[in-house]
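Engineer: To start, I am sharing the structure in question, which I have written as structure tokens.
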Amino acid sequence: MMTETEPQVPDTGRYPMCRAAELLGVSRSTIKRWVTSGRITCGWSKVNCRKFITGAEIKRVWREYY
């Protein structure tokens, strides 16, 4: 179940998928499913070739749920 308190993250922050899952109180596989289905959008880091989710997107998904 998603966390009941809004994640306190800066809108411009970039978070790996595992950290975004922790902030929202869901599993990493749930984040992966949401990215695949288009419910949540992620960026791609050119430096380390990993996906990230912005703080603004994390808050948007949380507000959509509540």
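The values are calculated or read from the model by the stated rules, or taken from the named source; none is laboratory data. What you see is a predicted model, and the numbers here were worked out from it, not measured in a lab. Cβ atoms come from the backbone with ideal geometry, glycine included; neighbour counts cover every protein chain shown. Surface accessibility is based on the protein's heavy atoms, side chains included, excluding ligands, DNA and RNA. Shrake-Rupley method; radii C 1.70, N 1.55, O 1.52, S 1.80 Å.
Engineer: Might you let me know whether the stretch 6-18 holds any residue that is of a type in the set (V, I, T) and without any contact (Cβ under 8 Å) to a residue 40 or more places away in the chain?
Structural biologist: no
Engineer: Right, another one. So, in the stretch 36-66, how many residues would count as being over 14 Å from T3 (Cα atoms), in a helix (DSSP H, G or I) and open to solvent by less than 30 Å² (accessible area, probe 1.4 Å)?
Structural biologist: The total comes to 2.
Engineer: Those residues that are outside any helix (DSSP H, G or I) and either within 9 Å of the chain's Cα centre (by Cα) or modelled with pLDDT under 95 (or both), I need them from the stretch 15-35; list them, please.
Structural biologist: Of everything in the stretch 15-35, those that are outside any helix (DSSP H, G or I) and either within 9 Å of the chain's Cα centre (by Cα) or modelled with pLDDT under 95 (or both) turn out to be Y15, P16.
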